[in-house]
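*Asks:* The following block contains the structure, expressed as structure tokens.
Just so it is clear, none of the values below were taken in a lab; they were calculated from the coordinates. Everything numeric in this text was worked out from a predicted model, so none of it was measured. Every residue, glycine among them, receives a Cβ derived from its backbone with ideal geometry; neighbour counts consider all protein chains shown.
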Amino acid sequence: MKKGWQSLVAKYFQRKGLPLDLALAFPDVIVRDKYSTINSRSDVRNLRSNLAGDVFLNIPIVSANMDSVTDSKMAIALARLGALGFIHQFLSLEERVLEVERVKRADNAFIEKPATLVLQEDATTLAKAKGAMRNFGVSSLLLIDSENVLLGILTARDYRFRSDDTLVKDLMQYMPLFTGSPGMTREQATEQFSKYRLEKLPIVDRNGKLKGLMTARDVLKEQEFPDAVRDKKGRLLVGATIRLNSDYLQEARTLWAAGADVILLDTARANSRRVRDAVVAIKKKLPKVPLVVGNIDTPEAAWMLIKAGADCLKVGIGPGSACKTREATGVGIPQLTAIASCAAVARKFNVPVIADGGIRCGADLAKALVAGANVVMLGSMLAGTDESPGKRTYDGGKAFKIYRGSASAAHQFDRIDKGSLDKIRSPEGVTRQVPYAGPVTELIAELVGDLRSSLSYIGARDLENYWRRGIFVRQSTAGYEEGKPKS
Ligand code: XMP
């Protein structure tokens, strides 16, 4: 008798029009169009997709957990649009916590843990306050005493032209200030902002203790991004990555406590006993944490990780544009087949799949979803945008940003400098320049437009229907070439 996953894969591949004896990449197939009652892409409004556990996205896109792709800036920008960013693992745990907290504080009408500093009258200088603001990623601070009682506020206009050695006590605005009380609604706060032309409204209880902060800017931001993905408290969603080589349980617990909505256990080879044991341990201690695990590329690995407790599988060994794994090791299944093989198993158990790597355009994204992925992960496409961490460079009059593989030599040297790696291993990634791509909003809008159009060709109004209706036809190299725009 065939093993569980084998019969699932056989049936799934037959249904999708895929061969079992040949591994395919995105260009090897094309999605077959179907009779459609949808008149145009604008009739496709629902691109909601499950990422892991009870976490859903409004756009099926996440950013790669790479140091040249995702920190809080990218994560904030994506969550505003309905997608999600995974803070990368090449930061210390403390730094990752700060990044997660930055996302959680952004655009949230009610900030539960605002940026604060305990005021020491004759010791707190402007330099110290600026340092705290830099860490929090904000431009104003609430000053409290050691009992968390609000003493006052320091805003940009209070310190703009002052020297760093000035004492904060001589600059800040003291209580009584306009404040709100716990339980204040967005509407009540908006009324205060408008009536008294306020920017910020600290929330204090009857004893004067600080309980939160509401800001006019964030109330407006909430309205500006209606598709944003938010948690139950109205905060933007964010993912955070943990390392297999550290105390992964402690990392997961700390990042979850900091507000991360999804935890990603990321390693080059997740089809291993070490990873299985880690998944079992994390799910045992932290059963509520939506846990993404990767990377894998075979149905048996999908089966094993689902049995271990994974809430989402990240699929892709070697398809990424900065990857050298396949060239260096000869290992890794071409990505379309890898996605379909893992999805054949994962769909059976209602466990979402992230297609990670090799997506260069709308067509690849569409094919990944038809093959069974719930969400795609983008690296190089996002690395060129304004929101990626790298600086813009110029070469021959053209603008670029640096994109580096997580296993590239440059990346490894960096980690050795920071003390998180002992020695250089044979690089399985490269560093390269990617063309500067402008704001991430524009790139995502284009991809979303392409995807909506693709759904309309298949006659699907949502992604579940798209996956059910979508099947592939294999194409020749000439067929692939025919479909490319000619200059
Ligand atoms: P794209 O094609 O979107 O791929 O740039 C992003 C994914 O590539 C993977 N990645 C690597 N794979 N060596 C590898 O074999 C590396 O150095 C490396 N760096 C990133 C990763 O899965 C990422 O999400």
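*Asks:* What's the percent breakdown of Cα-Cα distances in the chain across 20 Å bins, shortest bin first?
*Replies:* 22, 52, 23, 3, 0
*Asks:* Using alpha-carbon positions, what is the distance between the centroids of region 136-155 and region 432-464, in Å?
*Replies:* First find each Cα centre; the distance between them is then 42 Å.
*Asks:* In addition: Rounding to the nearest 20 debye, state how big the charge dipole of the chain is about its Cα centre with +1 on each Lys and Arg Cβ and -1 on each Asp and Glu Cβ.
*Replies:* 1260 debye
*Asks:* Which order do C342, C312, C361, C323 fall in if you start with the one that has the fewest other Cβ atoms within 10 Å?
*Replies:* Fewest-to-most Cβ neighbours within 10 Å comes out as C361, C323, C312, C342.
*Asks:* May I ask you to compute the full-extension gain from Y480 to E327, defined as 0.36 nm times their residue separation minus their alpha-carbon distance, rounded to one decimal in nm?
*Replies:* Length gained, Y480 through E327: 52.7 nm.
*Asks:* Quick check on the exposure proxy: order K221, K486 from fewest to most C-beta atoms within 10 angstrom.
*Replies:* Result, fewest neighbours first: K486, K221.
*Asks:* Which of L451, G4, G309 sits closest to the plus end of the dipole of the chain, meaning its Cα is farthest towards the positive end, when Lys and Arg get +1 and Asp and Glu get -1 on the C-beta?
*Replies:* Working it through, the farthest residue towards the positive pole turns out to be G4.
*Asks:* For the chain, which longest stretch is free of loop sites, where a loop site is one of the GluC sites (Glu not before Pro) that DSSP puts outside H, G, I, E and B and that has at most 11 other Cβ atoms within 10 Å?
*Replies:* Longest stretch, sites excluded: 148-487.
*Asks:* Sorting check: for 330-338, 414-422, which peptide has the highest mean count of neighbouring beta carbons within 10 Å, and how do the rest follow?
*Replies:* Sorting 330-338, 414-422 by mean packing, highest first, produces 330-338, 414-422.
*Asks:* Could you tell me which trypsin sites (Lys or Arg not before Pro) in region 131-217 are loop residues by DSSP with no more than 15 other beta carbons within 10 angstrom of their beta carbon?
*Replies:* Passing both the DSSP loop test and the Cβ count: R160, R162, R197, R206.
*Asks:* Counting other Cβ atoms within 10 Å of each Cβ, which chymotrypsin sites (Phe, Trp or Tyr not before Pro) in region 11-102 have at most 10 and sit in a DSSP loop?
*Replies:* Qualifying residues, ordered by number: Y35.
*Asks:* Work out the charge dipole of the chain with +1 on the Cβ of Lys and Arg and -1 on the Cβ of Asp and Glu about the Cα centre, then indicate which of N108, S146, T267 is farthest towards its positive end.
*Replies:* T267
*Asks:* Please state the relative contact order of the chain as a whole percent: Cα pairs under 8 Å, 6+ residues apart?
*Replies:* 22 percent
*Asks:* Another one. Please work out the Cα center distance from region 7-72 to region 88-106, rounded to the nearest Å.
*Replies:* With region 7-72 and region 88-106 each reduced to a Cα centre, they are spaced 29 Å.
*Asks:* Can you tell me what share of the DSSP beta bridges in the chain is antiparallel? A percent to the nearest 5 is fine.
*Replies:* Roughly 50 percent of the DSSP beta bridges within the chain come out antiparallel.
*Asks:* I would also like to ask the following. Considering the options I424, V434, G470, tell which one lies farthest towards the positive end of the dipole of region 415-487, charges being +1 on Lys and Arg and -1 on Asp and Glu at the Cβ, about the Cα centre.
*Replies:* I424
*Asks:* Given Cβ point charges of +1 (Lys, Arg) and -1 (Asp, Glu) and nothing else, what value in debye, to the nearest 20, does the dipole of region 110-224 about its Cα centre take?
*Replies:* 220 debye
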